[in-house]
Amino acid sequence: MTPLIEANNLVRVYQMRRGLFGRPSPVRAVDGVSLSVMPGETLGIVGESGSGKSTLGRMLLGIDAAQEGTVRFQGQPMPALHSPEWRALRAKMQLVFQDPLAALDRRVTIARQIAEPLEIHRLMPRQHQGDRVAELMRAVGLRPDQAGRYPHELSGGQRQRAVIARALASRPKLLVCDEPVSALDVSIQAQVVNMMRDLQEKNGIAMVFISHDLKVVRNIADRVAVMYLGRIVEEASSDVIFRAPQHPYTKALVSSVPVPGKPLEGRVILQGEPPNPASRPSGCAFHPRCPLARDICRSVVPDLLEAGEGRTAACHVVAGETAPVAA
Ligand SMILES: Nc1ncnc2c1ncn2[C@@H]1O[C@H](COP(=O)(O)OP(=O)(O)OP(=O)(O)O)[C@@H](O)[C@H]1O
Ligand SMILES: [Mg+2]
């Protein structure tokens, strides 16, 4: 089966100025990422702030152009941003991001905004749009009688539901969700995530779900990719990642998720400075914080290799332990 979306060796470099008068220096925000998502599948992307998650999400949709590498959607190369082909494709791939107030127009009722993709992509005559909007509102847990409200007349959770309804209006094949519940009250987060999961399953939508919050990702992702300074360091099914993380960074992330009834002893605490994309350490970028680091880790960048249970990991130490013995 052809993946719905497939990225090969994506690279995105930004020029970042250090200090007010400093010379710009290159930051490899996304540094050789390959991934694929099958139709109807949810891929979670996790990692600390600055690891390149949002940049990768935008690249998957062609909003940020890849400087190196390729993105293919349904087997076809991603068209150039704003080209007619790209605009047409946007009906099939939608973005939901963190701040619903920024995503919505304050002067327009939510019904009109939910109907926007139907207008833009000329999917439906006006007289039928009302029914479709009511259907979408019900699907995301809004009441159709709230249709005439303006964004500020809704709660944060309701606003994000409206944004999701709008994203679903054109019956997309792919949703890229960038921290979609991070701005919401913790008590609301689970409700919205469960609603998203139900909709995704019911409609067979594939999802790339970006979050720094592993609890949320665990709840929704089939597979999880862990990013560290622009690279994927481990990828596996959600079950494998949370049951038996292998990369030392994944281990630390997973063990920082509180589990009810489980004591805090034995947790791996992340040591050292959080990653600074402007000064990437040599070799394995994680080595300054890694409890297992050896000489090779300081000098050689580890490849992302298969490491059992359908997992890939980029770690010299882990690879050494699991590599098959040469005959
Ligand atoms: N438009 C831009 N111009 C310059 N640098 C950028 C730009 N966008 C992102 N970066 C840099 O690229 C790196 C990755 O940023 P990105 O926003 O993708 O990270 P992230 O994982 O989404 O972080 P967060 O969890 O904080 O949202 C960071 O170092 C960031 O400063
Ligand atoms: Mg981000």
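The values are calculated or read from the model by the stated rules, or taken from the named source; none is laboratory data. Predicted model, so just to flag it, every value in this text is computed and none were measured. Virtual Cβ from ideal backbone geometry, glycine too; neighbours counted across all protein chains shown.
In the set (1) within 16 Å of ligand 2 (Cβ to nearest atom); (2) modelled with pLDDT under 95; (3) not β-branched (V, I, T), the condition left unmet by A91 is number (1).
Taken together, the criteria place L43 among residues that are surrounded by 18 or more Cβ atoms within 10 Å (Cβ to Cβ) and either within 16 Å of ligand 1 (Cβ to nearest atom) or assigned to a helix (DSSP H, G or I) (or both). Are any residues in segment 144-190 of a type in the set (A, V, I, L, M), within 16 Å of ligand 1 (Cβ to nearest atom) and touching a residue at least 40 places away in the same chain (Cβ under 8 Å), and if so, which ones? Answer for segment 144-190, where residues must be of a type in the set (A, V, I, L, M), within 16 Å of ligand 1 (Cβ to nearest atom) and touching a residue at least 40 places away in the same chain (Cβ under 8 Å): V176, A183. Within the span defined as segment 26-46, one or more residues are touching a helix residue (DSSP H, G or I) at 6+ places or on another chain (Cβ under 7 Å) and small (G, A, S). Could you check, for segment 74-93, whether at least one of its residues is of a type in the set (K, R) and within 11 Å of ligand 1 (Cβ to nearest atom)? So far as segment 74-93 goes, no, none of its residues is of a type in the set (K, R) and within 11 Å of ligand 1 (Cβ to nearest atom). Flag: R126 does not match the condition of being of a type outside the set (S, T, N, Q) and within 27 Å of G40 (Cα to Cα).
Just one of the listed residues (A134, A102) is within 16 Å of ligand 2 (Cβ to nearest atom), surrounded by fewer than 19 Cβ atoms within 10 Å (Cβ to Cβ) and among the aliphatic types (A, V, I, L, M), namely A102. Scanning segment 5-48 for residues that are touching a residue at least 60 places away in the same chain (Cβ under 8 Å) and touching a Pro at 6+ places or on another chain (Cβ under 7 Å) gives M16, V27, A29, V37, M38, E48.
So that you can scan it fast, the table gives a plain yes or no per residue for (1) farther than 29 Å from V317 by Cα; (2) in contact with a strand residue (DSSP E or B) (Cβ under 6 Å, 6 or more places away or on another chain); (3) modelled with pLDDT of 95 or more:
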site	(1), (2), (3)
V192	yes, no, no
K202	yes, no, no
A206	yes, yes, yes
A236	no, no, yes
V254	no, no, no
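Here are P288, P245: which of them is more than 16 Å from ligand 1 (Cβ to nearest atom), modelled with pLDDT of 90 or more and outside the structural domain of P26 (by TED's automatic domain parsing)? Only one candidate passes the filter, namely P288. Return yes when V226 is modelled with pLDDT of 90 or more and among the aliphatic types (A, V, I, L, M) and no when it is not. So V226 passes the test.
The number of residues in segment 208-240 that are of a type in the set (A, V, I, L, M) and within 16 Å of ligand 2 (Cβ to nearest atom) comes to 10. The set of residues in segment 46-84 being more than 16 Å from ligand 2 (Cβ to nearest atom), within 17 Å of G230 (Cα to Cα) and small (G, A, S) consists of A65, A66, G69.
Contact annotation: no residue pair with Cβ atoms under 6 Å, 6 or more positions apart or on different chains, pairs a residue in segment 60-76 that is assigned to a helix (DSSP H, G or I) with a partner that is exposed (fewer than 13 other Cβ atoms within 10 Å of the Cβ). Count of segment 161-205 residues, restricted to those that are among the polar types (S, T, N, Q), farther than 19 Å from R223 by Cα and more than 16 Å from ligand 2 (Cβ to nearest atom), is 4.
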